[in-house]
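Down below is the structure, laid out as structure tokens.
The values are calculated or read from the model by the stated rules, or taken from the named source; none is laboratory data. Treat the numbers as computed from the prediction; the structure is a model and nothing was measured. Here the Cβ positions follow ideal geometry from the backbone for every residue, glycine too, while neighbour counts run over all protein chains shown.
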Amino acid sequence: MKSLCHRCPAACCRYIALPFDEPKDTEAFEEVRWFLMHEGVTVFVTEGQWYVSVTTPCRHLDAQSRCTIYARRPQICREYSSDGCDYRGGDYEYKLFFTHPEQIVEYARKRLKRKTKVPKKAKGKGARKAK
């Protein structure tokens, strides 16, 4: 059986995904929002790790989507297995997936609200009931 790579349009060679620390404050969420303002950028979380993904083809692909430096390709390419390859299709098991800045803004609002303790109003004399 031939490798999937012989039929693949080099799906794994058309993006990079870089890990970054989970945003924990407004400033960090603003940076993620900035990422998402760019075309071809997504942010996802899998197995607890946050990633920024940029759609950009490897400069060493030829017109037939073959690697022109295969014998000298980087170690990360050598270690990549077609067992979990992008060409196989199927669903990724992302815990979170963001494609637009508005999505991270909404997520940040919910996330930061939970971390901020809001003091309860004192009950008793002079306290008003919320409408």
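Take the residues in the range 7-21 that are surrounded by 11 or more Cβ atoms within 10 Å (Cβ to Cβ) and within 11 Å of the chain's Cα centre (by Cα), then tell me which one is nearest to residue 64 (Cα to Cα).
Applying the filter and picking the extreme gives 16.
Search the range 22-43 for residues being touching a Phe, Trp or Tyr at 6+ places or on another chain (Cβ under 6 Å) and within 30 Å of residue 68 (Cα to Cα), and hand back the single one that is surrounded by the fewest Cβ atoms within 10 Å (Cβ to Cβ).
Among them, the one singled out is 41.
Scan the range 35-49 residue by residue and report those that are under 15 Å from residue 107 (Cβ atoms) and not aliphatic (A, V, I, L, M).
Those that are under 15 Å from residue 107 (Cβ atoms) and not aliphatic (A, V, I, L, M): 35, 42, 44.
Scanning for something surrounded by 11 or more Cβ atoms within 10 Å (Cβ to Cβ), at pLDDT 85 or above, of a type in the set (Val, Ile, Thr) and not in a loop (DSSP other than H, G, I, E, B), does the range 96-113 turn up at least one residue?
yes
Output yes when any residue across the range 29-40 is modelled with pLDDT under 95 and assigned to a helix (DSSP H, G or I), and no when none is.
So far as the range 29-40 goes, no, none of its residues is modelled with pLDDT under 95 and assigned to a helix (DSSP H, G or I).
Return only the number of the condition from (1) within 20 Å of residue 111 (Cβ to Cβ); (2) out of contact with any helix residue (DSSP H, G or I) (no Cβ under 9 Å at 6 or more places or on another chain); (3) part of a strand (DSSP E or B); (4) not basic (Lys, Arg) that residue 52 does not satisfy.
(2) is the only condition that residue 52 fails.
Under 7 Å between Cβ atoms, at least 6 apart or on separate chains: pull out the pairs that start in the range 10-26 with a residue that is part of a helix (DSSP H, G or I) and end on any residue that is exposed (fewer than 14 other Cβ atoms within 10 Å of the Cβ).
11/87; 13/57
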